[in-house]
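Report on the following structure.
The values are calculated or read from the model by the stated rules, or taken from the named source; none is laboratory data. Predicted model only: the values in this text are computed from it and were never measured. Every residue, glycine among them, receives a Cβ derived from its backbone with ideal geometry; neighbour counts consider all protein chains shown. Surface accessibility is based on the protein's heavy atoms, side chains included, excluding ligands, DNA and RNA. Shrake-Rupley method; radii C 1.70, N 1.55, O 1.52, S 1.80 Å.
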Amino acid sequence: MATAKAFGSISITDITDVGRISAYITSNLPLTVIENPNSSTTTYTPDWSKNKLTLTPVIYFNEKQLVLPTTGLNVTWQRQEGSGALTDLKSGEIVKDGILDVTQNFLGTIQSGLLTYVVNVQYTDPNTNVTLETQARITFSLAKQATEAKYCSIQGESVFLYNASQTLVGTDTITLTASTT
């Protein structure tokens, strides 16, 4: 009588062999933009239309920085206005070699005054052929200066009247009314 034999195998993968990926975003301009409504046209400091905002993802694989562009590295960008959903970039937001340039003052048109840029990173490790993913965010906020008074007029009596014997004639108070525009 024949004896039946069965064979099997098991694969054990050490997840530390796959590697780790991490990312963060650097900005060439401050995270707060100041809106000044007190000139003939509203101005922004910094003004992204004159000095473009540049966002650069810094990406590490196993504590070694990956320089953009790198084979196997895919970088995509999205935007989020306030607490809304993530959306695609708009005109005036240009990506080249994974670096995002913003050339318009978008914060002035966003109700919440908050704009978040999200970088999505995918890296395929050439040694293991495993694709790793991570994401990083950076948020910009708008600070609005108060509108200054542009014109102020004051109306009311401006003279006390006295008679020849230096006695006050008429009212002993003056009421002034100021109007600002």
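When only residues in the range 94-105 that are surrounded by fewer than 19 Cβ atoms within 10 Å (Cβ to Cβ) and touching a residue at least 12 places away in the same chain (Cβ under 8 Å) count, which is nearest to T26 (Cα to Cα)?
First, pick out the residues of the range 94-105 that are surrounded by fewer than 19 Cβ atoms within 10 Å (Cβ to Cβ): 94-97, 99, 101, 103-104.
Now narrow it down to the ones that are touching a residue at least 12 places away in the same chain (Cβ under 8 Å): 95, 97, 99, 101, 103-104.
Numbers: V95: 15, D97: 15, I99: 10, D101: 12, T103: 17, Q104: 18 Å.
So the residue we want is I99.
Among the residues that make up the range 66-76, is at least one of them closer than 25 Å to T42 by Cα, touching a strand residue (DSSP E or B) at 6+ places or on another chain (Cβ under 6 Å) and open to solvent by less than 70 Å² (accessible area, probe 1.4 Å)?
no
State whether one or more residues within the range 117-126 are surrounded by fewer than 14 Cβ atoms within 10 Å (Cβ to Cβ), free of Cβ contacts under 8 Å to residues at least 40 places away in the same chain and outside any helix (DSSP H, G or I).
No; the residues of the range 117-126 include none that is surrounded by fewer than 14 Cβ atoms within 10 Å (Cβ to Cβ), free of Cβ contacts under 8 Å to residues at least 40 places away in the same chain and outside any helix (DSSP H, G or I).
Looking only at strands (runs of 3 or more DSSP E) that fall completely inside the range 26-68, which ones have 1 or more residues that are at pLDDT below 95 and out of contact with any Leu (no Cβ under 9 Å at 6 or more places or on another chain)?
On the way: elements: 32-36, 43-45, 53-61, 64-66.
Answer list for the range 26-68: 32-36, 43-45, 64-66.
Which of the residues belonging to the range 127-169 are in a strand (DSSP E or B), without any contact (Cβ under 8 Å) to a residue 24 or more places away in the chain and farther than 22 Å from G72 by Cα?
G156, L161, Y162, L168, V169 - these are the residues of the range 127-169 that are in a strand (DSSP E or B), without any contact (Cβ under 8 Å) to a residue 24 or more places away in the chain and farther than 22 Å from G72 by Cα.
Could you list, in sequence order, all residues of the range 159-181 that are among the small types (G, A, S) and open to solvent by 100 Å² or more (accessible area, probe 1.4 Å)?
Across the range 159-181, the qualifying residue is only A164.
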